[in-house]
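Here the structure is laid out as structure tokens; the discussion comes afterwards.
The values are calculated or read from the model by the stated rules, or taken from the named source; none is laboratory data. All of these numbers come straight from a predicted model, not from anything done at the bench. Counting neighbours? That spans all protein chains shown, and the Cβs are built from the backbone with ideal geometry, glycine included. Surface accessibility is based on the protein's heavy atoms, side chains included, excluding ligands, DNA and RNA. Shrake-Rupley method; radii C 1.70, N 1.55, O 1.52, S 1.80 Å.
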Amino acid sequence: MSRFNAWSLLAVFGIGVFLAGLELMITATALPSILLDLAVTDELGKPAFSELRHASWIVNGYLLAYVIAMPLAGRLADVWGARRLFLGALIVFIVGSLIAGRGQTIDELILGRVIQGIGGGVLVPVGTAAASHLFEGHDRPRALGIIGGLTFLGMAAGPFLGAALLGSFDLGAGLERAGIAEDSALHASLAPAWRWVFYVNVPIAIVALLVAWAASHGWETPRRRAGVDWLGAAIWSLALGAGLGATTLIGVTDVGGPDPLAVTAALAVLAVVATLATVVRGARRPEPFLDPRLFRSVAFSSAALVSLLTGFAFATAIIGGAVFVDRVLYGGPDEQRIALGALAGATAVGALVSGYAVRVLSLRAVTLAGLLLSATTLFLMAQWTPAVPIGTVALVLAVFGLGFGLTVTPRSTAAVESAGRASFGMASAIVTVARMIGMAIGVAILTAYGSTTIDRLYDRLFSAANPDGWKAMIPAELRERPLRDGLVVNALEAWAAREASGILVGMFLAAGVVTIVAIPPGLALGRTRRLTPGPGQNADASAREDRATGGRDD
């Protein structure tokens, strides 16, 4: 393949992971508009609580399908080849985007999001694996850094693009001038601005599909003769889905029927049993779906562990930063976009820089620098007070993102190099899934701790036993004023900001400790890298080395 075609393909892989990352974040900005348009409302025009819970699957459905699809996609890439799988995933993503954009009910929209999630969950590990096959030697980490950077750049662009589409993209008047009636099906499928949050993917993905098809003609990644262990895939998918479900329900007090604690416990037990079954089945089969023997490699296990722990810290920084701006600084959507945009954008820059850094520094050195930077900024976040300016918040979050981004390429490189060419797809999937699990755990803990603390504080203010508890939280000279008095409201808001800041201190400190815990496995990624050679680069010698060492990179 010519160098031009190789870089053209890398650009396409980057577009694919960019779109997958974009859809993780862009929908959050559109949810209020979607609810107003599609949800069943009460007599006051507000969506019922059941509708809010139902609509949450617009986000959760994508995320669940996204994560569950990754391991299967990684395995299929190793068996069938990455090229055809990537092209197929783009088509699935396009179909899902069209269904979601056209959805006339919340259920139709959720269906489209699940299909989108399947496509996105395939694009990320397959794009990473294909880039690993496409580039050799010192070009591989650079390619992986670009893929990782574009994934987070998509996440950074999500809120901005969503807000831009919702604020300025209105086809209603134009359609009516063109003679398309407001009550027509075509008008309903095109006019609401939130639909273009999904439609925007279609032309981009179609162009990427055409470029990928043309640039990759005659090229395919190595395939394995072994089939796919579909039963093993089903068991592991069950384990992953149950584990994510149990994690998501931590701290939830209402699931619309059964006891939430019982549901969480049942899902957790199912996840553990299915995981053990996956490990046992994998150890007994020569070509399992998920090969537990990959974890014999110190470098591979360390890469997965670093991904898990830093995923927890990343989620804490994102959610904690958003809550701090909203509940402590009382900043609006613009301030939140500044803070979170700085974090995600710097993460993309860090991932890109790490792809170049590992060409001159060891994996462990780049990882150590990223982890120390992330931990330091998390401890700085733990010192934030209501007096901190938004510019400082954005700067600290950006430095955290830069540090987190520096860890992206080393762990991906260590994983694919340790697993060997025959397992690039599964290695890429495992590292990405580990990060998503870490993020899910972080979000669940933040949600559970936050909701519990809020309930406790509310009882202190307005409990039936002490309805005037709020008076103890404000200066004595204001206690004779009514609750709705402006000065009282301001005093209570100041008290609430201090309490929220105190809550977040503990969460940021915990995330900082978790990041420090990631340093030992980060150092185990290796002093030097064994770069898997490509065709014509003594591949036979590499294969003999793999057989002699069991694929270890100690």
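In the range 495-506, the residues that are without any contact (Cβ under 8 Å) to a residue 24 or more places away in the chain reach residues that are assigned to a helix (DSSP H, G or I) with C-beta atoms within less than 6 angstrom, at least six apart or across chains, in these pairs: 495/473. Could you tell me which of the residues 274, 283 is open to solvent by 40 Å² or more (accessible area, probe 1.4 Å) and either without any contact (Cβ under 8 Å) to a residue 40 or more places away in the chain or touching an Asp or Glu at 6+ places or on another chain (Cβ under 9 Å) (or both)? Selected residue: 283, the only one of 274, 283 that is open to solvent by 40 Å² or more (accessible area, probe 1.4 Å) and either without any contact (Cβ under 8 Å) to a residue 40 or more places away in the chain or touching an Asp or Glu at 6+ places or on another chain (Cβ under 9 Å) (or both).
If you go through the range 373-406 and pick out every residue that is farther than 17 Å from residue 318 by Cα and either in contact (Cβ under 8 Å) with a residue 60 or more places away in the chain or in contact with a Cys (Cβ under 7 Å, 6 or more places away or on another chain) (or both), you end up with 2.
Residues that are in a helix (DSSP H, G or I) and at positive phi within the range 111-151 are absent altogether.
Screening 263, 228 for residues that are open to solvent by less than 70 Å² (accessible area, probe 1.4 Å), outside any helix (DSSP H, G or I), of a type in the set (A, V, I, L, M) and at pLDDT below 90 leaves exactly one candidate, 228. Out of the range 275-310, which residues are under 26 Å from the mean Cα position of the chain (by Cα), more than 22 Å from residue 443 (Cβ to Cβ) and part of a helix (DSSP H, G or I)? Once the filter is applied, which keeps residues that are under 26 Å from the mean Cα position of the chain (by Cα), more than 22 Å from residue 443 (Cβ to Cβ) and part of a helix (DSSP H, G or I), the range 275-310 yields 276, 278, 279, 292, 294, 295, 298, 299, 300, 301, 302, 303.
So, in the range 350-364, of the ones that are open to solvent by 10 Å² or more (accessible area, probe 1.4 Å), in contact with a Gly (Cβ under 8 Å, 6 or more places away or on another chain) and of a type outside the set (A, V, I, L, M, F, W, C), which residue ends up modelled with the lowest pLDDT?
So in the range 350-364, the residues open to solvent by 10 Å² or more (accessible area, probe 1.4 Å) come out as 352-353, 356-357, 359-362, 364.
Next, from what is left, pick out any that are in contact with a Gly (Cβ under 8 Å, 6 or more places away or on another chain): 352-353, 356, 362, 364.
Now narrow it down to the ones that are of a type outside the set (A, V, I, L, M, F, W, C): 356, 362, 364.
Working: 356: 86, 362: 89, 364: 90.
Here the answer is 356.
Of the residues making up the range 365-386, those that are touching a Ser or Thr at 6+ places or on another chain (Cβ under 7 Å) and surrounded by 24 or more Cβ atoms within 10 Å (Cβ to Cβ) are 366, 367, 370, 371, 374, 378.
When each of 431, 443 is tested for being of a type in the set (A, V, I, L, M, F, W, C) and either crowded, with 23+ Cβ neighbours inside 10 Å or free of Cβ contacts under 8 Å to residues at least 24 places away in the same chain (or both), the lone residue that passes is 431.
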